[in-house]
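The values are calculated or read from the model by the stated rules, or taken from the named source; none is laboratory data. These numbers were taken from a predicted model, which means no experiment stands behind them. Heads up, the Cβs are rebuilt from the backbone with ideal geometry, glycines too, and the neighbour counts pull from every protein chain shown.
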Amino acid sequence: MRGLVSVVDDDVSMRESLPDLMRQLGFEAQAFSSAEEFLASNHASQTRCLIVDVGLPRMSGLELVAELTRRGQRISTIFITAQNDRALRAQILAQGAIACLEKPFTEPALLEAIAIAVKTENGAQRREGCSEDKGHEHQD
């Protein structure tokens, strides 16, 4: 196995499809319906890559990553979002995300982001761009 990928999304279709794809690629995968559920699990310390929806109810994806950082847990993170908002993307990347992908994103765009995430130790490096057009990288 290539490590644990955790998916945090309130959309049931994403929680089912993304872990299946991760397993096909040789990763362990775990899905959570909320940030709170992920934080309450023991999976945060084992997670090599976190795929998280920006627009989670109650605690947002950004708030989740901020809480993980506060706890001293830096995880390579890929944000996914239904929002087409340049300012939000800039904020996401400024906080150290590997990428942000706009739903519906392409499988190649996700796989590229995951490849970067698993090569990146503690999220120290990140992509310069963020997907704006359904999975294609955009340079600002």
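So, in the range 114-127, of the ones that are out of contact with any helix residue (DSSP H, G or I) (no Cβ under 8 Å at 6 or more places or on another chain) and in a loop (DSSP other than H, G, I, E, B), which residue ends up modelled with the highest pLDDT?
Ranking the qualifying residues of the range 114-127, first place goes to THR120.
Listed residues PHE32, PHE27; which is out of contact with any Ser or Thr (no Cβ under 7 Å at 6 or more places or on another chain), of a type in the set (Phe, Trp, Tyr) and surrounded by 18 or more Cβ atoms within 10 Å (Cβ to Cβ)? I'd like the intermediate steps shown before the answer.
Working: PHE32 fails: out of contact with any Ser or Thr (no Cβ under 7 Å at 6 or more places or on another chain).
After applying the criteria, what remains is PHE27.
Can we say LEU39 is in a helix (DSSP H, G or I) and touching a residue at least 40 places away in the same chain (Cβ under 8 Å)?
Numbers: in a helix (DSSP H, G or I): yes; touching a residue at least 40 places away in the same chain (Cβ under 8 Å): no.
Against the criterion (in a helix (DSSP H, G or I) and touching a residue at least 40 places away in the same chain (Cβ under 8 Å)), LEU39 does not qualify.
List, please: which pairs have Cβ atoms under 8 Å, are six or more places apart or on different chains, and start with a residue in the range 16-35 that is within 14 Å of ASP53 (Cα to Cα) and modelled with pLDDT of 95 or more and end with one that is basic (Lys, Arg) and surrounded by fewer than 14 Cβ atoms within 10 Å (Cβ to Cβ)?
Listed by first residue and then by second, the contacts come to SER34/ARG58; ALA35/ARG58.
Could you pull out every one of the strands (runs of 3 or more DSSP E) wholly within the range 43-113 that has 1 or more residues that are modelled with pLDDT of 90 or more and acidic (Asp, Glu)?
Numbers: elements: 47-53, 76-81, 99-102.
Per the criteria, 47-53, 99-102.
More than 16 Å from LEU101 (Cβ to Cβ) and outside any helix (DSSP H, G or I): does that describe ARG23? Outline the logic, then answer.
Values: more than 16 Å from LEU101 (Cβ to Cβ): yes; outside any helix (DSSP H, G or I): no.
Against the criterion (more than 16 Å from LEU101 (Cβ to Cβ) and outside any helix (DSSP H, G or I)), ARG23 does not qualify.
Looking for whichever is closer than 14 Å to ASP9 by Cα and of a type in the set (Asp, Glu) here; the options are GLU28, GLU37, GLU67. Which one fits? It would help to see each step written out before you state the result.
Numbers: GLU28 fails: closer than 14 Å to ASP9 by Cα; GLU67 fails: closer than 14 Å to ASP9 by Cα.
Checking each option against the conditions leaves just GLU37.
Could you tell me which of the residues LEU50, LEU68, LEU39, LEU64 is under 15 Å from the mean Cα position of the chain (by Cα) and over 23 Å from ILE116 (Cα atoms)?
On the way: LEU50 fails: over 23 Å from ILE116 (Cα atoms); LEU68 fails: over 23 Å from ILE116 (Cα atoms); LEU64 fails: over 23 Å from ILE116 (Cα atoms).
That would be LEU39, the only listed residue that is under 15 Å from the mean Cα position of the chain (by Cα) and over 23 Å from ILE116 (Cα atoms).
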